[in-house]
Amino acid sequence: MRGARCFGVLLLAQALIAAAPAPLSPGMLAPSFARSDLSGHRVDLKAYRGKLVLLDFWASWCAPCIVEIPRLIALQKRYGGVQVIGVSMDDSIAPVQKVTRRFAFNYPVLLGDADFGNLYGGVYGLPVRFLIAPDGRILRIWKGELPPGTLDHAVRAALGRLNR
C-alpha cells in the first residue's frame, strides 16, 4: 500500500509540474496574444513588430502599479518607437474603469486573467513588466516596484541600440 501512495504522490507532483507555467527569460520570444482592450479595439502583439513594446501587468489595488501609471503615460508620450500595453489583472472591469477615469491613458489597457498571466510565465506578484524588442524577443523583465527612471533609462538604452 505504501508503494501505491508514493506512486500517487509522484503522479500528482508530475501533474503539478506539467501544469506550472513555463518561466520566461530575456532572449526568449514573447508569447503572442490578441485581445480586446477596454475600448473594444483588438490588440495583437504581432501588430507591434518593428516597435519596442513595454508590457505592464498591474492591478487597481497595487499601490506601486498606480504610482507607475503616470510614468508609463509619460514614457508613451516621449518615445515614438515604443508602445506601452497595460494588462490589468483585476478580477472585474469596474475597478479598472475607475483607474482609467483617474488617469488619461494614452496606451491600450487589456483585462488579464490567470491564463494570460500563465502565458507570461506566471504573473503572481505585481507589477511585472516585459520589455520586448521589435523582433518579438524579451529584452528585460522587471518584477515588483522600481525606482523612478528605471523604465525610462532601459527604454532609452534599447532605442539607442536599435538606432545604431
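Only one of LEU75, LEU45, LEU54 is crowded, with 16+ Cβ neighbours inside 10 Å, within 21 Å of ILE141 (Cα to Cα), in contact with a Ser or Thr (Cβ under 8 Å, 6 or more places away or on another chain) and not aromatic (Phe, Trp, Tyr). Can you tell me which? Reasoning before the result, please.
Numbers: LEU75 fails: in contact with a Ser or Thr (Cβ under 8 Å, 6 or more places away or on another chain); LEU54 fails: in contact with a Ser or Thr (Cβ under 8 Å, 6 or more places away or on another chain).
On inspection, the qualifying residue turns out to be LEU45.
Name the residue that is surrounded by the fewest Cβ atoms within 10 Å (Cβ to Cβ), counting only residues in the range 57-72 that are more than 14 Å from the chain's Cα centre (by Cα) and assigned to a helix (DSSP H, G or I). Talk me through it step by step, then tell me what you get.
Filtering the range 57-72 down to residues more than 14 Å from the chain's Cα centre (by Cα) leaves 60-64, 66-67, 70-71.
Remaining after also requiring assigned to a helix (DSSP H, G or I): 63-64, 66-67, 70-71.
Working: ALA63: 9, PRO64: 12, ILE66: 16, VAL67: 13, PRO70: 11, ARG71: 16.
Among those residues, the one meeting the criterion is ALA63.
Scan PRO31, PRO95, PRO108, PRO26 and give me the residue that is closer than 24 Å to TYR124 by Cα, over 16 Å from the mean Cα position of the chain (by Cα), of a type outside the set (Phe, Trp, Tyr) and modelled with pLDDT of 95 or more. Explain how you work it out, then say what you get.
On the way: PRO31 fails: over 16 Å from the mean Cα position of the chain (by Cα); PRO108 fails: over 16 Å from the mean Cα position of the chain (by Cα); PRO26 fails: over 16 Å from the mean Cα position of the chain (by Cα).
Just one listed residue meets the conditions, PRO95.
Across the range 98-151, what is the total count of residues that are basic (Lys, Arg) and under 17 Å from SER25 (Cα atoms)? I'd like the intermediate steps shown before the answer.
So the first thing to find is which residues in the range 98-151 are basic (Lys, Arg), and the list is 98, 101-102, 129, 137, 140, 143.
From what's left, under 17 Å from SER25 (Cα atoms): 129, 137, 140, 143.
The total comes to 4.
For the structure I just gave you, tell me whether ARG35 is closer than 27 Å to GLY160 by Cβ and touching a residue at least 12 places away in the same chain (Cβ under 8 Å).
Numbers: closer than 27 Å to GLY160 by Cβ: no; touching a residue at least 12 places away in the same chain (Cβ under 8 Å): yes.
Considered against the rule, which asks whether it is closer than 27 Å to GLY160 by Cβ and touching a residue at least 12 places away in the same chain (Cβ under 8 Å), ARG35 comes out as no.
Would you mention how many residues in the range 34-56 are within 16 Å of the chain's Cα centre (by Cα), closer than 17 Å to ASN106 by Cβ and hydroxyl-bearing (Ser, Thr, Tyr)?
1
If a residue counts only when it is without any contact (Cβ under 8 Å) to a residue 24 or more places away in the chain, which strands (runs of 3 or more DSSP E) contained entirely in the range 79-164 have at least 1 such residues? Lay out the reasoning, then the answer.
Working: elements: 82-88, 109-111, 128-132, 138-143.
Output list reads 138-143.
The values are calculated or read from the model by the stated rules, or taken from the named source; none is laboratory data. The structure displayed is predicted, hence computed values, not measured ones. As a convention, Cβ positions derive from the backbone with ideal geometry for all residues, glycine included, and neighbour counts pool all protein chains shown.
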